[in-house]
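Input: a single structure, listed below in structure tokens.
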Amino acid sequence: MTGDAFGAVPQPARRIVGVLLAAGRGRRFDPSGRSDKLMQPIDGVPVAARAAESLRGLCEPVLAVVRPQRPQLESLLRERGCLIVVCGDADSGMGHSLAAGAGAAVALVPDAVVVLPADMPCVSRSTVRRLLERPLEQPAHG
């Protein structure tokens with residue numbers, strides 16, 4: 001590959017898929033199940049929306065993994081540009097949600113996948129950006 005007029009070699013664009021894990025029940029937050037942790041506002045913005053914003057624009061696409069029958073959460077995340085992945089067995093544990101998200105992400109043939117739990121709204125865009133600026137490790141063959 002040849003460099004440009006300044007001698008720099010252009011880097012190929014990387015496809016980074018974001019996976020937002022939003023299928024939990026938040027039982028530790030509210031054991032009664034009446035209050036939805038992911039819909040609780042922080043400065044007027046629901047927790048899940050804040051987490052989605054940390055990935056949006058840095059990952060394309062962002063896949064939001066939700067449990068079935070969450071129309072309000074799905075709508076909120078779609079408004080933030082997320083594609084919805086419904087995990088029917090989310091109640092079996094986070095591993096099942098992660099597997100659903102990873103399976104959907106791998107089908108898109110990404111160079112990398114960034115996973116963020118939706119109940120971590122304080123992970124900043126700058127943190128995600130710094131993570132993405134690191135060179136990708138190539139898997140060892142052999």
Item to check | All positions within region 57-71 that are over 16 Å from A99 (Cα atoms) and surrounded by 13 or more Cβ atoms within 10 Å (Cβ to Cβ) | outcome: G57, L58, C59, E60, P61, R70
Item to check | Enumeration of residues in region 72-104 that are under 14 Å from the mean Cα position of the chain (by Cα), open to solvent by less than 60 Å² (accessible area, probe 1.4 Å) and of a type outside the set (A, V, I, L, M) | outcome: E74, R80, G81, C82, S97, G101, G103
Item to check | Of all residues making up region 1-29, the number that are at pLDDT below 60 and open to solvent by less than 60 Å² (accessible area, probe 1.4 Å) | outcome: 3
Next on the checklist: When you scan region 105-112, do you find a residue that is surrounded by fewer than 21 Cβ atoms within 10 Å (Cβ to Cβ), among the aliphatic types (A, V, I, L, M), over 21 Å from R25 (Cα atoms) and in contact with a strand residue (DSSP E or B) (Cβ under 6 Å, 6 or more places away or on another chain), even just one?
Outcome noted: yes
Checklist outcome for this item: Output for Cβ contacts, cut-off 9 Å, separation at least six or different chains, first residue touching a residue at least 12 places away in the same chain (Cβ under 8 Å) in region 60-78, second in a strand (DSSP E or B) and not aliphatic (A, V, I, L, M), reads E60/G18; P61/G18; V62/G18; V62/R56; L63/G18; A64/G18; L73/P46; L76/P46
Checklist entry - Only one of (1) at positive phi; (2) at pLDDT below 95; (3) not charged (D, E, K, R) is not met by S32, so which one is it? => result (1)
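The values are calculated or read from the model by the stated rules, or taken from the named source; none is laboratory data. Keep in mind that this is a model prediction, so the values were computed, not measured. Ideal geometry is used to build each Cβ from the backbone, glycine not excepted, and the neighbour counts take in all protein chains shown. Heavy atoms of the whole protein, side chains included, go into the accessibility calculation; ligands, DNA and RNA do not. Shrake-Rupley method; radii C 1.70, N 1.55, O 1.52, S 1.80 Å.
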